[in-house]
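Since every read-out is calculated from the coordinates, none of them should be taken as a lab result. Quick caveat: nothing in here was measured; it's all calculated off a predicted structure. Backbone-built Cβ (ideal geometry, glycine too); neighbour counts: all protein chains shown.
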Amino acid sequence: GAVVSQHPSWVICKSGTSVKIECRSLDFQATTMFWYRQFPKQSLMLMATSNEGSKATYEQGVEKDKFLINHASLTLSTLTVTSAHPEDSSFYICSALAASGWETQYFGPGTRLLVL
Amino acid sequence: ELKVEQNPLFLSMQEGKNYTIYCNYSTTSDRLYWYRQDPGKSLESLFVLLSNGAVKQEGRLMASLDTKARLSTLHITAAVHDLSATYFCAVEFTNAGKSTFGDGTTLTVKP
């Protein structure tokens, strides 16, 4: 089956620093990737839709200058949390849609971010 | 407004029992998904339902879709402890190009 990886799995950083999270589709090409955030005991909240070669589409209330998304190739999207603060601590999950169809999102294993 | 409502939110049941989780949504959709999430883990895809009357089964789980009622159900048959997890439904509304998730149903199966 289709595999999506995320790196790193977890990260602890100091307030004010930037953190980059990578999302890779390992065995398929993904024209579209999604970035979600999940707080404890809550559902997934879509942050942005990332399309290869174009600017990401951000959901209402998500600051595009704070959460920088780059989808440079058909197998890689990155999310950079700039000037991270404790309230940015969360579980970040990416998913990818295969270039051939829309039937299923393949989810990455998630990245747990803790900002001190 | 694009809304997806799941109920119940929490469910505790004994092994061997049956139960149904409901997922209601607000307007027309192209696809409906069911996912499983174990604590501390990401999502695992269970089912994708595409058309009215669609029914899919995998082991003790069966999902169905009624597009006219805007309702999907996830039925658990003879529950076992290994089914303990949080289950999410997600709806890809028509022309939205993205999925909207329900709040999730946390299932605990007790011996």
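For peptide B:50-62, the mean count of partner chain Cβ atoms within 10 Å of a residue's Cβ comes to 0. Within the same chain, aspartates and glutamates fewer than 8 places from B:Lys98 are excluded, and of the rest, those with a Cα less than 17 Å from its Cα are A:Glu52, A:Glu59, A:Glu103, B:Glu1, B:Glu5, B:Asp30. For chain A, the fraction of C-alpha pairs farther apart than 25 angstrom is 15 percent. Only Cα pairs under 8 Å and 6+ residues apart enter the sum, and on that basis the relative contact order of chain B stands at 37 percent. Remark: B:Ser51, A:Ser5 ranked as B:Ser51, A:Ser5, counting other beta-carbon atoms within 10 Å and listing the fewest first. As a proxy for reagent exposure, ranking B:Asp82, B:Asp30 by other Cβ atoms within 10 Å from fewest up yields B:Asp82, B:Asp30.
Let's test the formula: R0 of 25 Å, r as the Cβ-Cβ distance of B:Gln57 and B:Asp30. What FRET efficiency results, to the nearest 0.05? It comes to 0.70.
In this calculation the C-beta distance from A:Leu116 to A:Leu68 is compared with R0 = 30 Å, giving a FRET efficiency of 0.90. For the pair B:Asn7 and A:Gln60, a Förster radius of 30 Å applied to the C-beta separation gives a FRET efficiency near 0.70, rounded to the nearest 0.05. With contacts taken as Cα pairs under 8 Å and at least 6 residues apart, region A:13-116 reaches a relative contact order of 35 percent.
Rg and Dmax over the alpha-carbon atoms of region A:17-72 stand at 12.1, 34 Å.
The 3J(HN,Hα) values that the Karplus relation (6.51, -1.76, 1.60; θ = phi - 60°) gives for region B:83-97 are, in residue order, 7, 4, 4, 9, 10, 10, 9, 9, 10, 9, 5, 4, 6, 7, x Hz. Gly and Pro appear as x. Remark: spin-label model distance A:Val3-B:Val80 equals 2.6 nm, labels positioned 7 Å along the Cα→Cβ axis. Dipole check for chain B: with +1 at the C-beta of Lys and Arg, -1 at the C-beta of Asp and Glu, and the Cα centre as origin, the magnitude is about 100 Debye. Just so you know, the Cα atoms of region B:2-63 work out to an Rg and Dmax of 13.0, 36 Å.
Its residue count N sets the reference 2.2 N^0.38 Å, and the alpha-carbon radius of gyration of chain B equals 1.01 times that reference. Three semi-axes describe the equivalent ellipsoid of the protein assembly as shown; taken as square roots of 5 times the Cα gyration tensor eigenvalues and ordered largest first, they are 30, 21, 16 Å.
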